[in-house]
Amino acid sequence: MSDHVPLWLGKPAPRYTSYPPATQFAAVTPARTPSHLAELAGSATPISLYLHIPFCRSLCLFCGCHQVITQRADRMAAYQVALHQEIKLVREKLGKRVVVSHLHFGGGSPSSLTPTQFTALMEALGEAFAFTANCEKAIELDPRTTAPELVEVLARTGINRASLGVQDFNPKVQETIHRVQPIELVRGVMENLRGAGITALSLDLMYGLPHQTEASLAETAQQALTLDPERISLFSYAHVPGFKTYQKALEDAGLPNDADKLKQERVMRQALVAAGYAEIGIDHFAKPTDSLAIAMQNGTLGRNFQGYTDDVASMLLGLGASSISDVPGCFVQNEPDLEIYQQRVAQGELPLKRVCFRSADDHRRGRIISDLMCKFTAELGDVSDLGDALARLVPYERAGLVRRSGSQLTVDRAYPMAVRAVAACFDRYYDAAKIASKVA
């Protein structure tokens, strides 16, 4: 390990949930207007659908998401009106009920919706889109705001997978990051979900936060295992105070350095693997019988804006403020500002903000990066036009971290957290300074 650490430890790199990464998105203009809805309408296979619910009742200091902190019911209701308007507007422009095989509610906290609001939203989606019989309908939940009444509605409207944000079970860590939720609260929500028939449950954990130690994280891992989730996501805290200024408050509490974060990650990884969970990519874990583990085994594991996925749809439609659509021709992001988003939709206008058109070279490099992130190996093909990438790979090859056999590149699986740095070798837009100051 010591031979490899200087090469990649602490090197900023995008999460590569897209390529080109979000740092390359530019403003939509009359001369740069995407035709993503035409691509979606012409899809011969089912698509994926993502809805962004930006609201949270309180601010978590580790958060890097597009979120709106409020407890005002009128503000949430106004957003629901706009979201329904956008659904109708998109349906009209699509010209038909496009078939959907995967639905995902993200945030923010989708559990900020009332049961009535969620029911109405699912009814609107059912009128605008045609869902496959085996459609996965997933939602991200804040255990602190997931009431039994909401759980009943989730089950009744077809939600069949839920991810619960936990981060850490240590009380001191929870107090510092402003997310206090005892394990019994989380356990109660999971019991309610399972009792309602929603048994595909995931937990999100995080390392690199103030007051975390290898010992405390080992304990958090063991506590998480007692909840018996089907999946666990293990994320590294991304400290970007230039982008999220409130994160500066965590600096006073003390943040671990990169070497200590690596030790923390390894402790948790070892605990999860020892418990029988399969390693999925660089930061996900799943029971061997889970569809994500099966996708990894059969080579169909993918990666999108929600992370690792077994969703095989080739196109994604995003709805709601800041959401991103993904079609072969481009990425398109909606207006992130809540008020501007609502104003534009009310005027009958698609609330598009940023776009990134993809070239043939982008697609090729994106495939290589995705394969490295998902499989730790990639077929490079003709490398005559990859000179820049090959040059950046040389130090990793010399250290034995990666090896090339003909046009096949493989990363040593013993160092999963190095994959993003290796993938960055193929990123022709790579700018470490820009990545370090902004979530990408």
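Inside the range 194-220, can you point out the residues that are more than 27 Å from Lys244 (Cβ to Cβ) and within 22 Å of the chain's Cα centre (by Cα)?
Once the filter is applied, which keeps residues that are more than 27 Å from Lys244 (Cβ to Cβ) and within 22 Å of the chain's Cα centre (by Cα), the range 194-220 yields Ile198, Thr199, Ala200, Leu201.
Does Thr33 meet the test of being more than 21 Å from the chain's Cα centre (by Cα), within 24 Å of Arg367 (Cβ to Cβ) and surrounded by fewer than 18 Cβ atoms within 10 Å (Cβ to Cβ)?
No, not satisfied.
Which numbered condition in (1) farther than 24 Å from Thr70 by Cα; (2) within 23 Å of the chain's Cα centre (by Cα) is the only one that Gly107 fails?
Condition (1) is where Gly107 drops out.
Do any helices (runs of 4 or more DSSP H) entirely within the range 330-413 hold 1 or more residues that are modelled with pLDDT of 95 or more and under 20 Å from the mean Cα position of the chain (by Cα), and if so, which?
Qualifying helices (runs of 4 or more DSSP H): 360-375.
With Gln167, Gln174, Gln181 as the choices, which residue is within 23 Å of the chain's Cα centre (by Cα), more than 18 Å from Met268 (Cβ to Cβ) and either in the same structural domain as Ala259 (by TED's automatic domain parsing) or not basic (Lys, Arg) (or both)? If you could, list the steps in order and put the result at the bottom.
Working: Gln167 fails: more than 18 Å from Met268 (Cβ to Cβ); Gln174 fails: more than 18 Å from Met268 (Cβ to Cβ).
Every option except Gln181 fails the conditions.
Filter the range 189-202 down to the residues that are in contact with a helix residue (DSSP H, G or I) (Cβ under 7 Å, 6 or more places away or on another chain) and of a type in the set (Gly, Ala, Ser) and list them by number.
Scanning the range 189-202 gives Ala196, Gly197.
Specify which of the listed residues (Thr157, Thr146, Thr116) is more than 23 Å from the chain's Cα centre (by Cα) and surrounded by 16 or more Cβ atoms within 10 Å (Cβ to Cβ).
Going through Thr157, Thr146, Thr116 in turn, the sole match is Thr157.
Of all residues in the range 157-179, which are closer than 28 Å to Ile87 by Cα and touching a helix residue (DSSP H, G or I) at 6+ places or on another chain (Cβ under 8 Å)? Spell out the reasoning first.
First, the residues of the range 157-179 that are closer than 28 Å to Ile87 by Cα: 157-165.
Hits for the range 157-179 are Thr157, Gly158, Ala162, Leu164, Gly165.
Criterion first (in contact (Cβ under 8 Å) with a residue 24 or more places away in the chain, among the aliphatic types (A, V, I, L, M) and farther than 24 Å from Ala253 by Cβ) does Ala133 satisfy it?
no
Give me the residue from the range 203-234 that is out of contact with any helix residue (DSSP H, G or I) (no Cβ under 9 Å at 6 or more places or on another chain) and in a strand (DSSP E or B) and, out of that set, surrounded by the fewest Cβ atoms within 10 Å (Cβ to Cβ).
Looking at residues that are out of contact with any helix residue (DSSP H, G or I) (no Cβ under 9 Å at 6 or more places or on another chain) and in a strand (DSSP E or B), I get Asp204.
Take the residues in the range 264-313 that are of a type in the set (Asp, Glu) and touching a residue at least 24 places away in the same chain (Cβ under 8 Å), then tell me which one is surrounded by the fewest Cβ atoms within 10 Å (Cβ to Cβ).
Glu279
The values are calculated or read from the model by the stated rules, or taken from the named source; none is laboratory data. Being a predicted model, the structure only gives us computed values, none of them experimental. Heads up, the Cβs are rebuilt from the backbone with ideal geometry, glycines too, and the neighbour counts pull from every protein chain shown.
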